[in-house]
Amino acid sequence: MRLGGLELATPFILSPMESVSDAAYRRLCWSLGAGLTWTEMIRARGLVRNNRSTLELVDSFDADVPTGLQLMVVNERELAEALEVIDRLAGSTQRHWRNLVAVDLNFGCPSPEVIKVGAGPALLKRRNKLRALFEVLRAWRARTALPIGAVTAKIRLGLNRIEMEQKVYLPIVELANELLDGLTVHARHAREESTTPAHWEAIAEVKRLARVPIIGNGDVTSLDSARRLMRETGCDGVMIARGAIRSPWLFRELTGRGPGTPTLAEVDAAEAAWRERATVLGSKPKFFEWHAEGFRRMRARLGGQPLPGDAMPRTEHMR
């Protein structure tokens, strides 16, 4: 799959997920077949304010793993300042910033705190504001010394059901055709939970209007569902979130490299490798907590043990 100047080895992409998408886990998913990975969503305001905890989330230490940076922005000035920070840090001794290969703008995070400040899905129907943001991003890509192969955006279908029915997402395709290298469509509106069936027909609508690659997102948890999504919508790539948490070996199955269900020995080896790498890279405690529970649940499923409550731990940005 080609995304702007990036040639992806596979069309299957690891979603940016809070508390999940750390460098060590991205490495695991990439080794199993993910063609592109993303950091968790980074707040542009945190970069501008030189917030230490925000800067530490940009953990693109592994130059072998294609990694993009996803930004949550409120306005074009904030975006321009954040991009200047990225350039400045990439020119400093913090060489890992130079490993970034793409930048994505997030208009899909359903977190109330994101929507409250007018970001994420709250921007979906503000076409002039979106154009301004996309123009800033495109202009930066043209002048930055970083090897940015693609600038993209991820959207939902609207802030709520009314906006989805009004199809506020379709005019964004025209902007993407003009100013971006690709568009990811999470086929739910912001009030819907991850358990609500995704509206794949909206991805098909977007694809019919698009001249840039369209990445479908929502309800892909198996080889069969990935095939159906691509067949029914015509999308060029697939972004995977919950499926990659349940079993990163899903990428292996999608790429024909082996089964999507690992053995207990493979889970043990993967967790040991993840822990070693995460420790060396200084991953935050929240990643250790999340993945410890995730690997435990993988083992429980393989051993036929019951899992009370949700089938997997939850994160706000999986809604």
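The values are calculated or read from the model by the stated rules, or taken from the named source; none is laboratory data. These figures come from a predicted structure and were not determined experimentally. Positions of Cβ are backbone-derived with ideal geometry, glycine not excepted, and every protein chain shown enters the neighbour counts. Each accessible area value is taken on the protein alone, full model and side chains, heavy atoms only, with ligands, DNA and RNA left out. Shrake-Rupley method; radii C 1.70, N 1.55, O 1.52, S 1.80 Å.
Between rounded, prolate and oblate, where does the stretch 241-280 land on the alpha carbon gyration tensor, with a ≥ b ≥ c its root eigenvalues, rounded for a/c under 1.5, else prolate if a/b exceeds b/c? Numbers along the way, then the final one.
Details: a/c = 2.25, a/b = 1.66, b/c = 1.36.
Prolate.
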Distance in Å, no decimals, from the C-alpha centre of the stretch 228-243 to the one of the stretch 61-76 is 21
Those helices of the chain passing the 30 Å axial Cα length cut-off and the mean Kyte-Doolittle cut-off of -1.0 (DSSP H runs only) are none
In debye to the nearest 20, the charge dipole size for the stretch 188-276, taken about the Cα centre with +1 at each Lys and Arg Cβ and -1 at each Asp and Glu Cβ, equals 340
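Please report the relative contact order for the chain, taking Cα pairs under 8 Å with a sequence separation of at least 6, and give it as a percent rounded to a whole number. Please list the in-between numbers first.
Numbers: 613 pairs, mean separation 58.4, N = 319.
Relative contact order for the chain comes out at 18 percent.
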In order over the stretch 48-65: 3J(HN,Hα) from phi, Karplus 6.51/-1.76/1.60, θ = phi - 60°, whole Hz, x for each Gly or Pro, gives 4, 8, 6, 5, 4, 5, 5, 4, 5, 6, 7, 9, 7, 6, 9, 5, 6, 8
Percent antiparallel among DSSP beta bridges confined to the chain, rounded to 5, stands at 5
Using alpha-carbon positions, the gyration tensor of the stretch 83-227 gives root eigenvalues a ≥ b ≥ c; with a/c under 1.5 called rounded, otherwise prolate if a/b exceeds b/c, else oblate, the class is prolate
The local net charge around R2, scoring Lys/Arg +1 and Asp/Glu -1 for residues other than R2 whose Cβ lies under 12 Å from its Cβ, equals -3
Residue-normalised value, i.e. accessible area per residue, for the chain at 1.4 Å probe, in Å², stands at 41
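Give me the percent of accessible area attributable to carbon and sulfur for the chain, probe 1.4 angstrom. Before the final figure, lay out each step's value.
Working: 6480 of 13100 Å².
C and S fraction of accessible area: 49 percent.
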Sorted by chain and then number, the residues having a modelled amide H within less than 5 Å of the amide H of R43, at least 5 places away or on another chain, are M72
Answer in debye to the nearest 20: the dipole magnitude of the stretch 95-247 about its Cα centre, from +1 Lys/Arg and -1 Asp/Glu charges placed on Cβ, is 400
Rounded to whole Å, √(5λ) for the Cα gyration tensor eigenvalues of the stretch 139-298, largest first, gives 31, 21, 16
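If the only charges are +1 at each Lys and Arg Cβ and -1 at each Asp and Glu Cβ, what is the size of the charge dipole of the chain around the Cα centre, to the nearest 20 debye? Write down the numbers at each step before the final one.
Details: 46 positive and 38 negative charges, 73 e Å.
Here the chain has a charge dipole of around 340 debye.
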Counting only DSSP loop positions in the stretch 1-99, the trypsin sites (Lys or Arg not before Pro) whose Cβ has at most 15 other Cβ atoms within 10 Å are R49
Over the chain, the sum of -39500 (n - 2.57) across DSSP H runs of at least four, divided by residue number and rounded to 500 deg cm²/dmol, gives at 222 nm -13000 deg cm²/dmol
Working note, the chain: Cα radius of gyration (Å, one decimal) and Dmax (Å, whole number) are 18.4, 54
